[in-house]
Every structure is written in structure tokens, then in C-alpha cells.
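Each remark here refers to the structure printed beneath this line.
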Amino acid sequence: SSLLSWNLLHIALNQDVQERVHEELSTAIASTGSGDGRLSADIFNKKTTPYLHAVLRETFRLTPASPLASFKKVGSEIEIHGQKFPEGSFFIFEGYSTGQRVFADDAQSFRPERWLPEAIDSRKGTPQAVIDHAFFRDPFSQGARKCPGSRVASNEAQVMLAQLLLDWKISVPGVDSHNEVPYKLMGAMAPILPTMEFVPRSS
């Protein structure tokens, strides 16, 4: 619910992004659907709806529901860039500050374009490419200890957000920035959503 809430907030605050996702989804339904205008599994392929996926990724960068994505304790001494860390050292992969540093010029702007293939390719081989590491992709960690429910949670967020955007125009009157919205820790960082306005889209 925290993940979906943050996504709804950003979508409501950024009408241009909202319309672009709606257009992408409508086109995908027309080209890959069964002709009944309904969502199908094929629509959520990253190649079919790259901008929808980019919106979810940008939401996690700017307002992560779980800022501390991974915790690792080393079983033996390791050396990283000349710095030695003893056995038992504890490491935390914290993505929020990394995203702020990599995109320092406009770090507080909601720009899903950062996560489209051409943008990712342009960062390869540069220090900024660290933000594309799998550990910073989502709040579910990676490898053998990855959250077993991660696929369900990701699919659920994509489907719910897509259906809401197909059915409604969403806005948040009186709010201009996500920084104006308070949040609280409830297992995850959850926004205290202001009153939102849902207007049915024409069929």
C-alpha cells in the first residue's frame, strides 16, 4: 500500500507523466490486447510499457517506501577500495542519498525518463551508473534472500496503477510538491495522503 500510495501521489502531482502513461497503456491495449479493452499480462512486459516501469522506478528513487533496501553482514575480512573491514562488519545499501547524489542537478524533480533504456545506456561506464545496480532497483533486495513476495508486490502495483490511470484522471488540489506531504513509518514509509480527486475518463 505504501508503494502504491507514493505512486498515486506522484502521478497526481505530475499531470504530464500521468497522460503519457495513459497514452502508453491505451496503445499497448490496442496492439497487444484481446480487443476487449482490458489489461492482459503481455501489456506489463517492460518492452511494451517502458514508461510505466520507469514511473515505478522513479517513485522508488524519490520517495522509497523502504529506504534501506539491503542489510549485509560479512563473514570474513574484506577490502573495498583499499579500506579493510573486519569480519562481522555490517553494511547497509541505502538508495535514497545515492539517487540524490547521482541526479544532484534536479534530484527533487520527478522524471521517469531517467530510467528509459537510452538514459541507462548513457550512464554506463560512469560513476552515475551505480544507481542502476540491482540493489538500488527496488526495496526487495536481491539473490537468495530476496523477498519471496517481491514479484507479487511488483505485479500488483503495476496492475492497480495501470487500471486506475485507465479509468480516472487523478489530481491532488492544493498540493504542489511531494515535499508538502507528511509521511509516517508503518513497517514502510507511507505518505499521509491529502484529499485526492478522481474524475472518470471518457470511455
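Can you find, within the range 88-111, the residue that is most open to solvent (accessible area, probe 1.4 Å) among those that are among the hydrophobic types (A, V, I, L, M, F, W, C) and either outside any loop (DSSP other than H, G, I, E, B) or out of contact with any His (no Cβ under 7 Å at 6 or more places or on another chain) (or both)? Please lay out each step first, then the result.
First pass over the range 88-111, keeping only residues among the hydrophobic types (A, V, I, L, M, F, W, C): 90-93, 102-104, 107, 110.
When the remaining residues are screened for being either outside any loop (DSSP other than H, G, I, E, B) or out of contact with any His (no Cβ under 7 Å at 6 or more places or on another chain) (or both), the result is 90-93, 102-104, 107.
Values: F90: 126, F91: 50, I92: 84, F93: 62, V102: 20, F103: 28, A104: 71, A107: 11 Å².
Per the stated criteria, the residue is F90.
Which one of these is touching a Leu at 6+ places or on another chain (Cβ under 7 Å) and surrounded by 20 or more Cβ atoms within 10 Å (Cβ to Cβ): V21, V55?
Checking each option against the conditions leaves just V21.
May I ask you to list the residues in the range 58-87 that are open to solvent by 30 Å² or more (accessible area, probe 1.4 Å) and either among the basic types (K, R) or touching a helix residue (DSSP H, G or I) at 6+ places or on another chain (Cβ under 9 Å) (or both)?
S66, P67, L68, K72, K73, K84
Kindly indicate whether any position in the range 28-46 is in contact with a strand residue (DSSP E or B) (Cβ under 9 Å, 6 or more places away or on another chain) and either farther than 30 Å from M186 by Cβ or touching a residue at least 12 places away in the same chain (Cβ under 8 Å) (or both).
Step one: filter the range 28-46 for residues in contact with a strand residue (DSSP E or B) (Cβ under 9 Å, 6 or more places away or on another chain), giving none.
Within the range 28-46 (the criterion being in contact with a strand residue (DSSP E or B) (Cβ under 9 Å, 6 or more places away or on another chain) and either farther than 30 Å from M186 by Cβ or touching a residue at least 12 places away in the same chain (Cβ under 8 Å) (or both)), the answer is no, since none of the residues qualifies.
Conditions tested, residue by residue: (1) part of a strand (DSSP E or B); (2) touching a strand residue (DSSP E or B) at 6+ places or on another chain (Cβ under 9 Å); (3) within 22 Å of A153 (Cα to Cα); (4) at pLDDT below 95.
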| site | (1), (2), (3), (4) |
| --- | --- |
| E19 | no, yes, no, no |
| R61 | no, no, yes, yes |
| A65 | no, yes, yes, yes |
| K72 | yes, yes, no, yes |
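Which of the strands (runs of 3 or more DSSP E) contained wholly in the range 154-203 include at least 1 residues that are β-branched (V, I, T)? So that I can check it myself, show each step before the final result.
Working: elements: 168-171, 183-185, 189-191, 197-200.
Per the criteria, 168-171, 197-200.
If the Cβ limit is 7 Å and pairs must be 6+ apart or interchain, which residue in the range 122-138 that is in contact (Cβ under 8 Å) with a residue 60 or more places away in the chain and among the β-branched types (V, I, T) pairs with which residue that is assigned to a helix (DSSP H, G or I) and open to solvent by 60 Å² or more (accessible area, probe 1.4 Å)?
Qualifying pairs under 7 Å: none.
Quick one: in the range 121-140, which of the residues that are within 15 Å of the chain's Cα centre (by Cα) and modelled with pLDDT of 80 or more is most open to solvent (accessible area, probe 1.4 Å)? I'd like the intermediate steps shown before the answer.
Restricting attention to the range 121-140, the residues satisfying the condition of being within 15 Å of the chain's Cα centre (by Cα) are 131-140.
Filter once more, so that each one left must be modelled with pLDDT of 80 or more: 131-132.
Working: I131: 3, D132: 45 Å².
Here the residue is D132.
The values are calculated or read from the model by the stated rules, or taken from the named source; none is laboratory data. Because the structure is predicted, anything quoted here is derived from the model rather than measured. Here Cβ is always computed from backbone atoms with ideal geometry, including for glycine, and neighbour counts include all displayed protein chains. Accessible surface is based on the protein model in full, side chains and every heavy atom, while ligands, DNA and RNA are left aside. Shrake-Rupley method; radii C 1.70, N 1.55, O 1.52, S 1.80 Å.
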